[in-house]
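Q: Next up is a structure, given as structure tokens.
Where a number appears in this text, it was derived from the coordinates with a stated rule and is not lab data. Everything numeric here is computed off the predicted structure, so don't read it as measured data. As a convention, Cβ positions derive from the backbone with ideal geometry for all residues, glycine included, and neighbour counts pool all protein chains shown.
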Amino acid sequence: MQARSIKAAPSLKPYVASIDWAAAETLIAIGIEPAAIADLSGFRASFSHLPAMNDVIDLGSTWEPNLELLDRLKPDAIYLPSWSAISRPQLAKIAPVRLCDIHGSGGDPIERARIFATDVLRDFPDAPGQGNIQQLEQRLTGVAGAAKSRRVFLLNLRSNNRFVNVYATGSLPGSALTHVGLENAWQGPVNGFGFTSIGVEKLLQTPDASVVILNQNDRTTEMLSRLDDNILWRSIPAVRSGKVHISPPVSVFGGLVSATNFAEWLATTFDRAA
């Protein structure tokens, strides 16, 4: 099916809806606030670095957005994750559909984020934040290979403190890690989004590795408090030697903005870390 072109009235701001979070972040980066975003409360919590977006409409869940609401909104375009099972022909009856393949498509998410941002700029050549993407690219170039080489685990804490999610090749955090010159300590299998769940005891198998905990705001604070008296966690070499680093809030399903912010933090942290 041939993609429909996006036609916004010349005198009006683009009026778009985003079911994909990385697409929404990219649109906001170039000065286009989506009229509607799926799972808006989750998006706000995961992208706390973005503006408040008080006028944005909640489309419902990313898995099953409110299509009747979308139809009433009549957006100029709908941004959809490439992995979504939602019927594209059904959405295409409402507005042109643009796919975001940053996550869940294999390859390097940072490179995919760059390509996607370029595609968005092509659709909206008059966007007020055109130069922002170039600035992000320059910032990424500035931290390429900037960290001292060492092995690092990228972890997302879970409510069951016997298990953690570990991020590697194919994930946005994993892409940022290798971009700055660090080596991912997890070399085992991962799912299509570049992460997997492992028992905490597996962190003992790489005693020289540092640990980065991907900060998910209040959820991470709560999980960390549960680990204070966890004997297994305290036995991990990185914990014993003070080589656990908690990142600033980061969205693991973000776009070029999230990738750049996290890469800069990694470069700074592991340039100074012992």
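Q: Return the single residue from 38, 52, 185 with maximal mean-square fluctuation; model: Gaussian network over the chain, springs between Cα atoms under 10 Å.
A: For the chain, modelled as a Gaussian network with Cα springs under 10 Å, the answer is 52.
Q: Going through the DSSP H helices of the chain, which span 20 Å or more along their own axis at the Cα atoms while scoring at least -1.0 as a mean Kyte-Doolittle hydropathy?
A: 109-123, 130-143, 256-272
Q: 7 Å from Cα along Cα→Cβ at both residue 201 and residue 130: what's the point-to-point distance in nm?
A: In this crude spin-label approximation the distance works out to 5.9 nm.
Q: Quick one: dipole size for the chain, taken about the Cα centre, charges +1 on Lys/Arg Cβ and -1 on Asp/Glu Cβ, in debye to the nearest 20.
A: 440 debye
Q: Further question: Take the alpha carbon gyration tensor of the stretch 154-274, find the square roots of its eigenvalues, order them as a ≥ b ≥ c, and report rounded if a/c is under 1.5; if not, report prolate when a/b exceeds b/c, else oblate. Don't jump to the answer; show the numbers that get you there.
A: Numbers: a/c = 1.38, a/b = 1.32, b/c = 1.05.
It comes out rounded by the Cα gyration axes.
Q: Determine the shape class of the stretch 124-215: with a ≥ b ≥ c the square roots of the Cα gyration tensor eigenvalues, call it rounded for a/c under 1.5, and otherwise prolate if a/b is greater than b/c, oblate otherwise.
A: Prolate, because a/c is 1.5 or more and a/b exceeds b/c.
Q: List the lysines whose Cα lies under 19 Å from the Cα of residue 13, skipping any in the same chain that are fewer than 8 positions away.
A: Leaving aside lysines fewer than 8 places away in the same chain, those within reach of residue 13 are 74.
Q: Please state the shape class of the stretch 1-158: rounded when a/c is under 1.5, otherwise prolate if a/b exceeds b/c and oblate if not, all from the C-alpha gyration tensor.
A: Note, shape of the stretch 1-158 comes out prolate.
Q: List the lysines whose Cα sits under 23 Å from the Cα of residue 202, skipping any in the same chain fewer than 8 residues away.
A: 243
Q: Right, another one. Suppose R0 equals 30 Å. What FRET efficiency, 1/(1 + (r/R0)^6) with r the Cβ-Cβ distance, do residue 87 and residue 111 give to the nearest 0.05?
A: Details: r = 29 Å, r/R0 = 0.96.
It comes out at approximately 0.55.
Q: Would you please put 128-136, 249-257, 102-110 in order of how densely packed they are, using the mean number of other Cβ atoms within 10 angstrom per residue and starting with the highest?
A: Details: 128-136: 14.9, 249-257: 24.8, 102-110: 20.2.
Highest-to-lowest ranking by the protection proxy: 249-257, 102-110, 128-136.
Q: Gap in Å between the Cα centre of the stretch 241-274 and the Cα centre of the stretch 110-172?
A: Each part's Cα centre sits 10 Å from the other's.
Q: Here is a further query. Which of the aspartates and glutamates could a cross-linker bridge to residue 148, judged by Cα under 15 Å and excluding same-chain residues fewer than eight apart?
A: 183, 208, 264, 271
Q: Once you wrap a convex hull around the alpha carbon atoms of the stretch 73-144, what is its projected area averaged over all directions, in nm²?
A: Over every viewing direction, the Cα hull of the stretch 73-144 projects on average to 5.9 nm².
Q: For the chain, just run the numbers: alpha carbon Rg, then divide by 2.2 N^0.38 Å, N being how many residues it has. Write out the running numbers ahead of the final one.
A: On the way: Rg = 19.6 Å, N = 274, 2.2 N^0.38 = 18.6 Å.
Ratio of Cα Rg to 2.2 N^0.38 Å: 1.05.
Q: Let me ask you something else. Find the all-direction average of the projected area of the Cα convex hull for the stretch 10-94, expressing the result in square nanometres with one decimal place.
A: Approximately 5.6 nm², given one-decimal rounding.
Q: I need to check one value: relative contact order of the chain, counting alpha carbon pairs closer than 8 Å and at least 6 residues apart, in percent.
A: Working: 492 pairs, mean separation 51.7, N = 274.
Relative contact order, the chain: 19 percent.
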